[in-house]
Amino acid sequence: RGPWAGPGGAAAVILPRRLARGLAAGSDDSKTLARERRAALCAAIRATCTIGVGEASVAEIDRLNILGAALLAMQRAVAALPRAPDHAIVDGNACPALGCAATPVVAGDARCLAVAAASIVAKVTRDRMMTAFAADFPGYGWERNAGYGTPEHLAALKRLGPTPLHRAHFAPVAQLVFAFAEIA
């Protein structure tokens, strides 16, 4: 939820009754895994699990706030599943309306394998999107920082200004949007 640029992403994963060897070992909070490990786990999850992916646009994030947009992306991820789940475990302390029973679990990616798998798929999918966007908006380092607030990204924002993919209500993006509006 913390990047300064790009859409918000979510994934829903239905685990198979019999898990692929090695999938459970190493699935954890996607942000703590090395990029290569995340990519390998994502491939294994996609090969063995039922997946749905959803996103919320930058405009939706700015309009709804990041929590509202995250809940919307979760709804879209569950709706993208080829079959509806009987029950959903949602990472966090709130559940969106999903059309099935749902239980929120704080730090769910550390406590539930399906949530950890969904976290991995969502992060890898979004990171790849940001790498593709980097070709259209060079100079921000999105192929390396995925839109997160790194020193490289901050320097580029100051030098190049915000893009349409920047979340206008996120600081320091909001400060720079105001500063560029004053100059114009």
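The values are calculated or read from the model by the stated rules, or taken from the named source; none is laboratory data. Just so you know, these numbers come straight off a predicted model, no measurement behind them. Methodologically, a virtual Cβ is constructed for each residue, glycine included, from the backbone with ideal geometry; neighbour enumeration extends over all protein chains shown.
Summary of values
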quantity: Count of the range 64-91 residues which are crowded, with 17+ Cβ neighbours inside 10 Å, more than 20 Å from Gly6 (Cβ to Cβ) and either without any contact (Cβ under 8 Å) to a residue 40 or more places away in the chain or of a type in the set (Phe, Trp, Tyr) (or both); calculated: 2
quantity: Neighbours by Cβ (under 8 Å, 6+ apart or cross-chain): first from the range 163-175, modelled with pLDDT under 90; second in a strand (DSSP E or B) and not hydroxyl-bearing (Ser, Thr, Tyr); calculated: Val173/Ala5; Val173/His166
quantity: Hits in the range 101-154 (condition: touching a strand residue (DSSP E or B) at 6+ places or on another chain (Cβ under 8 Å) and among the hydroxyl-bearing types (Ser, Thr, Tyr)); calculated: Thr103, Ser119, Thr125, Tyr140
quantity: Residue in the range 120-131 that is modelled with pLDDT of 95 or more, closer than 23 Å to Ala44 by Cα and among the acidic types (Asp, Glu) present; calculated: yes
